[in-house]
Amino acid sequence: MWPLPFVVVLAMAGGFTAEMRAELEARASALGIAERVEFTGWRADAARSLLPMFDIFVQSSHWEAMSVVILEAMAAGRPIVATTVGENAHVLEDGRSAILVPPRSAEALADGLARAIEDRSLRRRIAAAARDDYRASFTGEAMSRRYADMYMECLAGRSRVRKNAAIAQPVSEERR
């Protein structure tokens, strides 16, 4: 293992038991990195208080749905290394807005993280692309605009259905 050029902060989300935390702390100690790892526990203000401190955001989840913390990391302009779980592969693009790796592969995660650590230019590019994607697609304004467009398309489709009402109406029992 090479010397790390920055402090590693591990922010543990809700759901970790005291036993899990003790096991992780023991592993950090056994690896000789305990002084470089901070176990913060769940933080309601993590997007404001922790993300700005990160040089690289890593999500090593084995399962996610739509990950809010990925959106928060994008908004914060942090380079992201994440697993291809849930919607991550639809929200992020490997090599452009993130480094994506398969879940449950410590080797792939370590390789992705090493790429991010070693290549400052890559970190800057993926962080900027992720922030741009967030602003274009995931802000309240962008999402409202997409919903409005969708509703307008639905209304336009409905008016076409009205013009062809005989075709669009279900067949009544009498006409069967």
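Taken together, the values in this text are just the output of simple stated rules run on the coordinates, not laboratory data. Note that this is a predicted model, so its numbers are computed, not measured. Neighbour counts run over all protein chains shown; Cβ positions are idealised from the backbone, glycine included.
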Checklist line | Distant-in-sequence amide H partners of residue 64 (H built 1.01 Å from N, under 5 Å) | finding: 86
Checklist line | Global geometry of the stretch 43-138, whether rounded, prolate or oblate, following the gyration tensor of its Cα atoms and the 1.5 cut on a/c | finding: rounded
Margin query: Using amide H atoms built in the peptide plane, which far-off residues or other-chain residues are under 5 Å from residue 59 H to H?
Written below: 81, 82, 83
Check: So for 84, 139, fewest C-beta neighbours within 10 Å to most, what's the order?
Finding: 139, 84
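Go through the stretch 58-145 and name the trypsin sites (Lys or Arg not before Pro) that are in a DSSP coil and have 16 or fewer other Cβ atoms within 10 Å of their Cβ.
Values: sites: 96, 104, 115, 120, 123, 124, 125, 131, 135, 145; in loops: 96, 104.
Here the sparse-neighbourhood loop sites are 96, 104.
Suppose the chain between residue 37 and residue 110 were pulled fully straight at 0.36 nm per residue; how much longer would it get relative to their current alpha carbon spacing?
Details: separation 73, 0.36 × 73 = 26.28 nm, distance 1.63 nm.
Separation in residues times 0.36 nm, less the Cα-Cα distance, equals 24.6 nm.
Taking 0.36 nm per residue of sequence separation and subtracting the Cα-Cα distance, how much length would be gained by fully extending the chain between residue 144 and residue 27, in nm to one decimal? Please report the intermediate quantities before stating the final value.
On the way: separation 117, 0.36 × 117 = 42.12 nm, distance 4.52 nm.
Taking residue 144 through residue 27 to full extension adds about 37.6 nm, to one decimal.
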Notebook entry, point to check: Under the Karplus relation 6.51 cos²θ - 1.76 cosθ + 1.60, θ = phi - 60°, what is the ordered set of whole-Hz ³J(HN,Hα) values for the stretch 125-138, x standing for Gly and Pro?
Noted result: 5, 5, 5, 5, 5, 5, 5, 4, 5, 4, 4, 6, 10, 10
